[in-house]
Amino acid sequence: MNNIENLFNYTVGQFEAIDHLLTMGVGAHFGALVFFLVVSQFVAPKYRIATALSCIVMISSGLILSSQASLWTDSFAYVDGVYRLQDLTFSNGFRYVNWMVTIPCLLVQLLIVLNLKGKELFTTATSLILAAWGMIITGYIGQLYEVSDMSMLMYWGAASTVFFIIMNFIVGKKIAAQKSTMTGGTHETIMKVFWLMMFAWTLYPIAYLVPAFMNNADGVILRQLLFTIADISSKVIYGLMITYIAIQQSAVAGYLPAQQVLGKIGFDVKAA
Ligand code: RET
């Protein structure tokens with residue numbers, strides 16, 4: 001029993017709030033998956049992998065959230081007016097393992113719209129992915145201690161934060177260096193993407209720290225709320241912005257379907 005979720009009884013309202021948050025996450029990711037599949041045809045082949053990576057992230061996260069929702073409802077039963085833990089235990093650890101796949105996808109899609117290519121794409125992606133994996137593995141170990149040893153939670157959390165800072169530093173440096181290569185006004189959008197990342201990604205360490213400052217049933221709701229906001233911002237909204245940038249740059253590069261969908265060329269009803 002490694003996570004504080006297992007320590008408390010929940011009122012119907014508290015229990016359902018968590019079930020609803022998790023299920024909303026599932027809906028957002030699978031809904032967005034359909035959107036990414038449909039619009040990928042408007043993205044030039046050069047950038048299409050960025051949108052394909054969003055599809056992978058949507059499926060991977062949608063499935064993990066669906067299993068989190070089932071695990072939540074399977075782990076507790078309504079007994080004597082409250083929801084109480086039964087034979088199973090709930091775990092947030094699945095999320096961390098899932099990030100081993102989704103974070104590399106999110107980082108690589110950024111590098112693609114930043115117009116990185118060849119060796120530079122490969123070496124930047126490698127260093128970012130290694131930093132991300134370092135962050136996730138140390139964070140995974142840390143969250144195993146949230147019930148038993150607060151100082152270990154802090155120690156591993158601090159180690160994870162070092163990797164987090166390195167990763168953000170590389171991301172910031174690459175955006176600054178590549179901004180001038182970005183076409184169709186997307187050098188402005190990419191700054192919004194950067195700030196969205198800084199905001200959304202920081203919600204995860206706050207969720208990690210919930211046992212340290214709100215060790216009760218409401219803290220559990222707060223944590224799942226933070227995870228849900230972070231997930232929808234860092235994957236769905238982020239993916240939409242990345243695909244928008246990809247379509248804008250595709251249009252400037254002369255890709256007809258991108259120009260058509262942006263309304264830059266096409267059938268003019270008035271002229272006809
Ligand atoms: C941990 C441990 C505590 C310290 C830090 C963390 C950072 C987590 C982050 C997660 C991002 C996840 C994303 C998932 C997408 O699917 C591991 C919670 C700094 C930044 C973007």
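For Thr202 and Gln86 in one chain, what is 0.36 nm times their gap in residues minus the Cα-Cα distance, to one decimal in nm?
Values: separation 116, 0.36 × 116 = 41.76 nm, distance 3.29 nm.
Answer, rounded to one decimal: 38.5 nm.
Compute the distribution of all C-alpha to C-alpha distances in segment 1-111, in bins of 10 Å from 0, and list the percent of pairs in each, rounded to whole numbers.
Cα pair-distance distribution for segment 1-111, in percent: 14, 36, 26, 16, 7, 1.
Helix-only mean residue ellipticity at 222 nm, the chain, DSSP H runs n ≥ 4 weighted -39,500 (n - 2.57), per residue, nearest 500. What is it?
Calculated at 222 nm, the ellipticity per residue is -25500 deg cm²/dmol.
Where is the GNM fluctuation largest for the chain (alpha-carbon springs, 10 angstrom cutoff): Ala176, Ala125, Ala251?
In this elastic network of the chain, the residue with the biggest mean-square fluctuation among Ala176, Ala125, Ala251 is Ala176.
Return a single number: how many Lys pairs in the chain, at a sequence separation of 8 or more or on separate chains, have alpha-carbon atoms below 20 angstrom apart.
16
Helix 150-178 against the longest principal axis of the chain: what's the angle in degrees, Cα atoms only, rounded to the nearest 10?
0 degrees
Over the chain, what is the relative contact order in percent, taking alpha-carbon pairs closer than 8 angstrom and at least six residues apart?
Reported as a whole number, the value is 27 percent.
Relative to the longest principal axis of the chain, what angle (0 to 90°, nearest 10) does the C-alpha long axis of helix 186-213 take?
Rounded to the nearest ten degrees, it is 10.
How many nm is it between the label spots at Ser127 and Ala176, if each spot is 7 Å from the Cα in line with the beta carbon?
So the label points at Ser127 and Ala176 sit 1.3 nm apart.
Cα axis of helix 118-143 to longest principal axis of the chain: angle in degrees, 0 to 90, nearest 10?
10 degrees
In nm², what is the average projected area of the convex hull enclosing the Cα atoms of the chain?
With every direction weighted equally, the projected area is 16.2 nm².
Each value in this text was obtained by applying a stated rule to the coordinates, not by laboratory testing. Here the structure is a predicted model, which is why all the values come from computation and not from measurement. Glycine also receives a Cβ, built like all others from the backbone with ideal geometry; neighbour counts cover every protein chain displayed.
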